[in-house]
Amino acid sequence: MAIRTELSFRIQNTPGSFSHVCQLLNAERVNVLAIMLEAGGLIRVVVDNPVHAGGLLREQQYRVEEREVLYVSLPNNPGACAAVARMLAAAGVNVEYLYATALEGHPMATVVVGVADPQRAAAAAGL
């Protein structure tokens with residue numbers, strides 16, 4: 001488990017908007033570790049260099065917000081996500097949002113969890 005910086009910003013709901021963001025990050029060799037695009041155009045992204053990526057996006061006039069999130073690696077098998085959810089619930093931590101990814105056949109998965117206080121949540125849940 002780690003605490004990472006997540007960048008969030010809105011894009012227009014038009015063809016090519018998401019592609020533009022991806023190409024922008026790629027051109028600067030920013031590696032996307034996790035990303036979520038909501039229907040309203042909100043992007044949440046965890047990258048390898050949030051300082052550089054945030055500055056780059058701001059230069060392109062995106063209104064970027066930063067927040068700390070839980071970045072949890074867990075086994076890619078049935079029940080692993082339930083175990084993390086159970087630990088957070090037992091610690092009294094409210095999950096505001098969550099997104100995850102895993103490759104079929106790969107032993108590990110990654111979950112990004114948005115909570116009010118990631119430092120306290122990680123300590124309380126024993127993550």
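Each value in this text was obtained by applying a stated rule to the coordinates, not by laboratory testing. None of the values given here were measured: they were computed from a predicted structure. Here Cβ is always computed from backbone atoms with ideal geometry, including for glycine, and neighbour counts include all displayed protein chains.
List of remarks:
- Residue with peak Gaussian network fluctuation, the chain [Cα springs, cutoff 10 Å], from Thr110, Thr14, Thr101: Thr14
- Counting only Cα atoms, the chain measures 42, 33, 26 Å along its principal axes, largest extent leading.
- Summary of the geometry: the range 18-36 and the range 94-127, compared by the centres of their Cα atoms, lie 21 Å apart.
- Residue of Tyr62, Tyr97, Tyr71 that the Gaussian network model of the chain assigns the largest fluctuation, springs spanning Cα pairs under 10 Å: Tyr97
- Rounded to the nearest 20 debye, the dipole size of the chain about its Cα centre is 80 debye, using +1 on the Cβ of Lys and Arg and -1 on the Cβ of Asp and Glu.
- Candidates Val47, Val111, Val21, ranked by Gaussian network fluctuation over the chain, Cα under 10 Å, top entry: Val21
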